[in-house]
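Below you will find the structure I want to go over with you.
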Amino acid sequence: MRIGLLTEGGYPYVSGDARLWCDRLVRGLGQYEFDVYALSRSERQENEGWIPMPPQVNRVRTAPLWTAEDDGIVHGRRTRRRFAEAYGELAAAICAPTPPGAMGAMGAADPRGPQRADDWEAVDVSEASEVSGALEMSGVPEVSEVLEASDTPDTPDTSEASEASGTSAFLEALAASDGVMGSETARHPRAAAARHSETTGHPDVVAFPEASAGTFDSEADRFAAPLYALADIARDEGGLVGALRSEAVVRTLERACRAPGALRAAREARVPDLLTVAAHLECVLRPLSLDWYEDDRLGSVDLCHAAAGGTAALPGLLARHFSGVPLLVTEYGVPLRAHYLTAAGSVPVRALLASFHGRLAAEVYRQAACVTPGNAHARRWQERCGADRAKIRTVHPGMEASRFTAVGEARESADPYTLVWVGRIEPAKDLITLLHAFAEVRRSEPRARLRIVGAPADGPDGAVCLAQCEALAARLFREEEVTEGATAVGDSPVSFEEVGGREVPGLADAYAAGSVVVLSSVVEGFPVSLVEAMFCGRATVSTDVGAVVEVIGGTGLVVPPREPRALAEACVALLRDPGRRARLGAAARARALELFTVEQNIAAFRDIYLGIVSRFPVRRLVVDEAGEPLPFGVPAEVHVPWRWTRQSRSALRVGPRWAVGVPVRATVSADAWTTLSPEAAASGREATPVATATATSSPEATAAPAPTPVSAAAPAPLPTSASTSTPAWTGKAGR
Amino acid sequence: MNELGHADDLGEPDAARAWPEADEPVTTRPRTPPARPGAADPVKALMHSHRELCERAVDPLEIAARLETHGLTDHAAARFRHRDVFSLAEELYARVPRVEETRMPEGEAVDAPGAHTGWAVFALLPGALCVAAMAGVHLTEDRPRLMAAVVAAGVLAVLLGLRAALRRGPLRDPSNRTGGSHAWMCWLVVYALLGDGLLSAALEGGPDEPWPLATASVSALALACAPAIWCAHLFAVRARRRLAASRGLKEFAGSVRPLLLSVLALFLGALGVLLAVCGAVLDEPVAYAGAGSLGVLLLLARLLAVRGSPKAPVIALGAAGMVEATALAVVFAGRLPGCSFVTVPVETVVAVWGPGAVPGLACGSAALALLIHATRILTGASAHATPPGSP
């Protein structure tokens, strides 16, 4: 199985977001092949280079998102008209106000449940037929034509036809669409096939006729159809860089903004606003011009895994549009929310860009086979932005637990009056509240100490925040120190330290130093330091922000944010009750080991991969020279959802294969096929050395108990004979 | 973050009081009195404390995102009788009227290209070097070898100075796509220097001896680099100011067209003055038509190339250069037996208007064509967008 990993400003780059997670994922799933498709965010990032790649990464393709060279492509008049039409529709969709409830409609529309199985089948067939997009297109119909065709009342027939399976369904669907397209196409079967694939280029137009009755789908199509039309133009006619920067684009945007029924904010857009929006759209739509969607690139993967939503998932959307590759979207933060928080500029600019990103997110969620938020907070945002609840599966991020094992398993040896805060010092962490709370703690527990461990965040904010906190600490605790004299000379009850110093050599030592770990943030996504404290078996007091409640789940105390008194009371309660501390710490460690380890994260993704690949297999249709589909052109073993001719080295090294978490029975039978007919494997997978396949699979055959003789008793495997009789097989299906 | 709102304090007045007032170094907003628990409209206080945020928001999700950064959670939203932050944000969005945002003063946008004023001085470089070279030539008139060296050094220096002047300031080409036009530009300048003399000598059956060079035209052109760059800057600044002020593309185009024409007229006037001065100083007849139209042509070509239309200038410069080259070639070709008729058009033109008419017509018509193109391209808003390469 080959996974296309899509990132934006992320994984292979040294300074990328979420690179650690991606790296662990890729290394942890050594049985799959990975192709990494990365968009870089800045020149600096590109110059800093990549982190080392494990061998299961077959290829890394990168493209800059921060610059685009004008490729000098000047389109013909016909293409320019197509482009202007598509861009105009896209602009109109962006400028249209969001209909009330459309964003959240999908979340509420759970009654669709019973329909789902049918929907999936419909998707399968439409994907299968879509693959003939690999054909040389002849007579590409205009976008409007496609839309008209899908609006005709004949479309339900198409979906009925898709109830059947395999090639016959494709032919029936073809026939049905011929009825739509008119008799002219029937005379040219190949053109008809091409046309049909164009029609189903918007699979949901055909595959979800019932669902499209709702406002949400028509609204989403209004955005999606022109987006895919632009992608088609980029693929057929070359890059869109020049076109997206042209004056025509600004004029189109202006027309869309002034159209009746446009957003109120859009109607007030001035010329500089239009320019800003056009420039931003050009930047975001750069992935359309990439050459990633050919049959030997993203067209050849079995699953696209976008490591973030938004722009990173756009190549996945297009791969799904062109080749029917299922899309999995993982979001640890919600890009739309980040966009709202970082957006700058005038009201029209912000309104239009927010509209674009909202619609893009909705389209990504709509097309994704599965959406995996990192926590419930992200999940709520996704549901709000239109993700179907049934597609969402929360996968908590995994963290390295081993380095906290020693601390977590040791008996508590810390000073029982020490509170510890660990993290990056920045305004969002609200250390001011923590210091005020600690002042209250000192009033009732004079022996208490607070150790603040962490470096200031990058940028001016961090340093300023640290300076403020130090000043406040000095002011709050100075007199006390003088009058009481309880603490050692020159030893303030509050200390600011950094990991790596003399007192705190490692991160685990920071947690080991305190009996209670405090988290006082006002903004938090997934609270990393809280999970680390849980791994260390520490009792915690944290504020109710982000995913904190979900992470802590009753194994620590949670108080409202920005309330020093509540925080202080909780801290004092824990400081005075060692038994309760111990119980909470043990429970927290157990919970973290169950939920937040790297292993659970990787296992969850392995299951999701298998689930998606089995539910949405990419059916690549093989055609002969005349454009006729070849029955049995793709043998069944191509769909075996893991690497079956070459054993993963790690599996062999670790121990017997049946002890590794890969389903054994199916593997064995697949390997038995290989053993019987090595030439089949050689002809099908040109890159696979036959000797390796045979050698590695033979110990398996002896180790496996039952099915081997059965498989051996069946000579002349059907797929092999079919494959040798089809000349196109090696070229098309060899992956 | 402290300064921003106290949504969560609203239910618990005690907690709000527990917050020591004096120890907040970053407080900038006046505090709003916390709402009493059980007040009839709990959202009102929240609305009040986050009014600015709600007024600026473009949709409810933005309010939700920003409320979350202020520590408002779903749990807290329950106190305002809402299921989650989203529905609370929707209520806030519906209840707080949007305000017309005061536009940012466009000062920094206008000043952006002129932030570094070194270019204005560098614009004088080609002219200064040309004058220096001329002076050198005059001083070394009696020593031909030294004079040849001075001429070579002068040409090189002027070219380098021109390069330096065009590498910064308003005529800088961020994308470096003007490659094709350089050769034609050089040819046109060389023709301005040598062409008229050669053409008239050739028509009279020569050239038998070195013909006079039009040094006045070329030095005026070199000196005109400075007004060209200053005019381009003026155009950029004024156009950007109009861009910021205009509501629609048509309005913008309508206001930029006269600006473009007046800037070109200004440049043409400056060039005319320079030509007259150079002619008087060097005591030479000046080809106003040829040099003037060539100057305008070069400025328009550079303006268009810099502002995103690199192809048209190459075509226009190429056409003018071809016409001039053809005129010369035709005159020499007419000496072949039986071909004398081909020189008739050139002879007629020269007989009527003089030898300066050939470059005048070639460059003038090319400049006119470019001007028509420029009134379409340079009046578009995208020509005045910040170029994609620059921050």
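Would you please calculate the Kirkwood hydrodynamic radius of segment B:211-349 over all C-alpha pairs and express it in Å, rounded to one decimal?
17.6 Å
On to the next question. Between A:LEU341 and B:LYS44, what is the label-to-label distance in nm when each label sits 7 Å out along the Cα-to-Cβ direction?
3.2 nm
Let me ask something additional. Would you mind ranking A:ARG19, A:ARG478 by Cβ crowding within 10 Å, fewest neighbours first?
A:ARG478, A:ARG19
Give me P(r) over segment B:223-286, computed from all C-alpha to C-alpha distances, binned every 10 Å, as integer percentages.
22, 37, 22, 12, 6, 0
Provide B:CYS186, B:CYS363, B:CYS54 in ascending order of the number of other Cβ atoms located within 10 Å of each residue's Cβ, fewest first.
Listed from fewest to most nearby Cβ atoms, that is B:CYS186, B:CYS54, B:CYS363.
Continuing with the same structure: Show me the ranking of peptides A:600-613, A:422-435 by mean Cβ neighbours inside 10 Å, starting with the highest.
A:422-435, A:600-613
Next up: Before anything else, pin down the relative contact order of segment B:107-383: Cα pairs under 8 Å, at least 6 apart, normalised by residue count, whole percent.
The normalised contact order for segment B:107-383 reaches 22 percent.
Quote to one decimal, in nm, the extra length available between B:LEU139 and B:ARG335 on full extension: 0.36 nm per residue of separation minus the C-alpha distance between them.
Fully extending the segment from B:LEU139 to B:ARG335 adds 66.6 nm.
If you don't mind, there's one more thing I want to ask. Read phi for every residue in segment A:306-312 and hand back ³J(HN,Hα) as whole Hz from Karplus 6.51 cos²θ - 1.76 cosθ + 1.60, θ = phi - 60°, with x for Gly and Pro.
Ordered by residue, 3J(HN,Hα) equals 8, 6, 7, x, x, 4, 4 Hz.
Amide H to amide H, which residues 5 or more places from A:ALA539 or on other chains are under 5 Å from it, using H placed in the peptide plane?
A:VAL517, A:GLY585
How do B:CYS231, A:CYS283 line up, fewest other C-beta atoms within 10 Å first?
A:CYS283, B:CYS231
Let me ask something else. Could you tell me the relative contact order of segment B:307-391? Use alpha-carbon pairs under 8 Å, at least six residues apart, and round to a whole percent.
About 35 percent, as a whole number.
For segment B:107-383, report the convex hull volume of the alpha-carbon atoms normalised per residue, in Å³, without decimals.
In segment B:107-383, the Cα hull volume divided by residue count equals 134 Å³.
Follow-up question, since we're still on this one. Given points 7 Å out from each Cα along the Cα-Cβ axis, report the A:SER444 to A:GLU268 separation in nanometres with one decimal.
About 5.0 nm separates the two model spin labels.
If you take the square roots of the eigenvalues of the alpha-carbon gyration tensor of segment A:252-317 and sort them as a ≥ b ≥ c, do you get rounded (a/c under 1.5), prolate (a/b over b/c) or oblate?
prolate
Using a Förster distance of 25 angstrom, determine the FRET efficiency expected from the C-beta separation of B:ALA152 and A:GLU69, and round it to 0.05.
Taking R0 as 25 Å, the efficiency between B:ALA152 and A:GLU69 is 0.10.
Pull out the extension gain between B:GLU204 and B:ARG247, defined as 0.36 nm times the separation in residues minus the alpha carbon to alpha carbon distance; nm, one decimal.
Roughly 9.4 nm would be gained on extension.
Just how far, in whole angstrom, is segment B:179-224 from segment A:309-381 if you go by their alpha carbon centroids?
62 Å
At 0.36 nm per residue, minus the direct Cα-Cα distance, what do A:SER402 and A:VAL60 gain on full extension? Give it in nm, one decimal, please.
Here the segment from A:SER402 to A:VAL60 would lengthen by 120.1 nm.
Moving to a separate point now. Starting from the amide H of A:GLY4, placed 1.01 Å from N in the peptide plane, find each other amide H under 5 Å away whose residue is 5 or more places distant or on another chain.
Correct list: A:ASP35, A:ASP302, A:LEU303, A:CYS304, A:HIS305.
Values in this text are rule-based calculations from the coordinates and carry no lab data. Predicted model, so just to flag it, every value in this text is computed and none were measured. Note: ideal-geometry Cβ built from the backbone for every residue, glycine included; neighbour counts use all protein chains shown.
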